[in-house]
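The values are calculated or read from the model by the stated rules, or taken from the named source; none is laboratory data. A quick note: this is a predicted structure, and the numbers were derived from the prediction, not measured. Quick reminder, even Gly has a Cβ in these numbers, built from the backbone with ideal geometry, and neighbours come from all protein chains shown. In case anyone asks, the SASA skips ligands and DNA or RNA and just uses the protein heavy atoms, side chains included. Shrake-Rupley method; radii C 1.70, N 1.55, O 1.52, S 1.80 Å.
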Amino acid sequence: AWPSSLRALARRWRCWGEMLQVFKNEAITNVAKQSIEIRCMELAWYTRNYDTMACQAAMFAGFAFEQITEPVPENTPLYLEVPYVGLTACCLGFNLCVCMSCTFCCIFGKGLALRGDAGARSVHIAVDNMHKEQKTVFTYFLLGILGYLLSHVVEMWIYFRPRIAITISIPLCIFVITIVYYVITIVDQLWLSDDKSVGGRFAAWSPYERLQDLDEEIYRPIQSTRALHQSGRMMMPVS
């Protein structure tokens, strides 16, 4: 009976060892999952920002397209026609750039985070690049709106008499200056620089972000062996 009790004790210790391994793997998985959930909050925030800018830019692009397709009167002076057409074209171009950039960032950024083969590092790459591109897209968005407002100021001098044009241009210029002032004030008060902002990436958890897809790691050697068997470079095992 003594050898059988030793075998039972050995099986019990082996079972406890396997249970500890499972618990350790579960703890590591929970740490990686919580880290990704925090980064997904950043990803969702950037996505909402891109969606907001894309919707507004599409509206201004539609206004600019309708404006640029209307012919300018033939007797329009060149010093009014060129700024008017140029500002309208810049407005249309910048807003289209915003729409395309936001669309690509939302589609490919979220796709990289969801289906990237690097695991958690794919999420970090997606979030970091969406953060970096947001400044450029926001600049294009502001330039498109500024071009749209200034083009309307010039438009008043093309389609109306000077007395009416100056009557309309004065409040328009006041509103343009007010908008620029409030944009600068709000950005100055609410904008966070990179050295002051808090990110969702945990540097201490970076070693646990190298976890590979277990299903892929197990299936890839089997698939490679099967390919070698089919190509004839490896003999099939004889049963």
Descending accessible area (1.4 Å probe), largest on the left, turns Ser101, Ser122 into Ser101, Ser122
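Find the accessible area per residue for segment 95-152; the probe is 1.4 Å, ligands and nucleic acids are left out, and the unit is Å².
52 Å²
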Quick one: if the Förster radius is 22 Å, what FRET efficiency do Gln56 and Ile168 give, using the C-beta to C-beta distance and rounding to 0.05?
-> 0.35
R0 = 45 Å: FRET efficiency of Phe104 with Tyr79, Cβ-based, nearest 0.05?
-> 0.75
Please report, as a whole percent, how much of the solvent-accessible surface of segment 20-116 comes from carbon and sulfur atoms (probe radius 1.4 Å).
-> 69 percent
Per the rule of 0.36 nm per residue minus the C-alpha distance, extending Ile184 to Ile125 adds in nm 18.2 nm
Protection proxy (average C-beta count within 10 Å per residue), highest first, orders 56-65, 128-137 as 56-65, 128-137
Kindly provide the Kirkwood hydrodynamic radius of segment 40-119 in Å, to one decimal, from all pairs of distinct alpha carbon atoms.
-> 14.8 Å
Hey, can you rank 151-161, 108-118 by average C-beta count inside 10 Å, highest first?
-> 151-161, 108-118
